[in-house]
Amino acid sequence: MVTIKCRNITFSEIQAILFDKNGTLEDSEIYLRSLGQKAARLIDAQIPGTGEPLLMAFGINGDVLDPAGLIAVASRRETEIATAAYIAETGKGWFECLQIARQALNEAEKYVDQTPAPLFAGSLEVLKYLWERGLKLGILSAAPTQEVYQFVANYQLSDYIQLQMGVDDGPSKPDPILFLQACQALGVEPGATLMVGDAVGDMQMARDAKANGTIGITWVGKSEHVKGADVVINRLDEIQIIND
C-alpha cells in the first residue's frame with residue numbers, strides 16, 4: 001500500500017487506481033465532436049430539422065464540445081436512447097427511432113477519422129510511474145469495452161493496465177456496481193482504491209461505492225465538471241506517491 005498526495009489532499013493505504021478513458025487519459029474531443037456532428041447530419045438528412053437540436057443535446061456548439069455533454073460522458077447505449085428520444089418528437093414510433101439512432105451512430109463511426117485520439121501529455125509516464133511502485137491500475141470507461149481494449153492496444157499500455165473495463169449493455173456510470181465490479185476484478189477493496197476521472201458521474205460512482213477517494217481532472221480548467229471530487233487537478237503528474 002502507498003500514500004498518494006494531490007495538491008493539499010493525502011490518500012493513505014492505496015492499492016489501486018481506476019482511470020476513466022475519454023477526457024482523462026485520452027484527448028478524444030475532436031473524435032467525439034466529429035462523431036456527433038456526422039450522426040446529426042445523417043439523421044437530419046432523413047428527418048429534416050432534427051440536426052440542430054441533436055447537436056445541442058450532444059453538447060456540441062460549433063467547434064466546441066462540452067466535456068460534460070452527452071456525447072462526451074454517456075455510454076453508447078445512453079447516447080442511442082437520448083438520440084432516439086429527439087427523433088421520437090417527430091411522431092415516429094419508438095422502435096423505429098431506436099433503429100435510426102443506432103444506424104446513424106454506426107455509420108458516423110465509419111466516416112469519422114479512425115486515427116487514434118492522442119494520449120494527454122504525460123499520461124504514459126504517470127501510468128508507468130504508478131505501476132512501477134506496485135499499484136494496480138485499471139481503466140473504467142463509459143465507452144464500449146472493445147473500445148477500451150483498442151485504446152490499450154494502440155498505446156501499448158497492457159504492461160501497466162491490469163483491468164480494461166467499459167460499458168456495454170449493462171449498468172452505466174454513475175452506478176456504483178461498476179466500480180465494485182472493477183475492484184473485485186483487480187482483487188482490491190473499494191476502500192483501498194482511488195478513482196480518477198473528468199466527469200461528475202465518475203465522482204458520484206466512486207463515492208457511492210465507498211472508494212478511498214476521488215480525483216477530478218480538468219485539462220480545460222473547469223472544476224464544475226468534476227463537482228464532488230476530493231481534489232481537482234489539471235495534470236495527471238500531480239498524482240504523487242509520497243511513501244512506498
Practice task
Please work out which residue is farthest from MET1 (Cα to Cα), limiting yourself to the stretch 105-120 and to residues that are in contact (Cβ under 8 Å) with a residue 40 or more places away in the chain and in contact with an Asp or Glu (Cβ under 9 Å, 6 or more places away or on another chain).
Solution key: LEU105
Fill in the blank from the handout: Counted residues in the stretch 154-196 being among the small types (Gly, Ala, Ser), at pLDDT below 95 and farther than 14 Å from ALA74 by Cβ come to 2
Problem - Residues being among the aliphatic types (A, V, I, L, M) and out of contact with any Leu (no Cβ under 7 Å at 6 or more places or on another chain) - total across the stretch 104-132 - result: 4
Completion exercise
Reported set for the stretch 168-204 where residues are farther than 22 Å from THR218 by Cβ and among the aliphatic types (A, V, I, L, M) is ILE177, LEU180, ALA182, ALA185, LEU186, VAL188, ALA192
Handout entry: Of all residues making up the stretch 43-52, the number that are in a helix (DSSP H, G or I) and of a type in the set (Gly, Ala, Ser)
Key = 2
Problem - Test: residue in the stretch 12-34 that is in a strand (DSSP E or B), over 23 Å from the mean Cα position of the chain (by Cα), under 30 Å from LEU130 (Cα atoms) and assigned by TED's automatic domain parsing to the domain that holds ILE161 - result: yes
Practice task
Consider PHE95 carefully, then state whether it is loosely packed, with under 14 Cβ neighbours inside 10 Å, modelled with pLDDT of 90 or more and farther than 14 Å from LEU32 by Cβ.
Solution key: yes
Handout entry: For GLY187: the one exception among (1) under 17 Å from the mean Cα position of the chain (by Cα); (2) small (Gly, Ala, Ser); (3) on the phi > 0 side of the Ramachandran plot
Key = (1)
Exercise for the section: Scan the stretch 117-130 and give yes if some residue there is over 21 Å from LEU35 (Cβ atoms), under 14 Å from the mean Cα position of the chain (by Cα) and at pLDDT 95 or above, otherwise no. Expected result: no
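The values are calculated or read from the model by the stated rules, or taken from the named source; none is laboratory data. Since we're looking at a predicted model, the values are computed, not measured. As a convention, Cβ positions derive from the backbone with ideal geometry for all residues, glycine included, and neighbour counts pool all protein chains shown.
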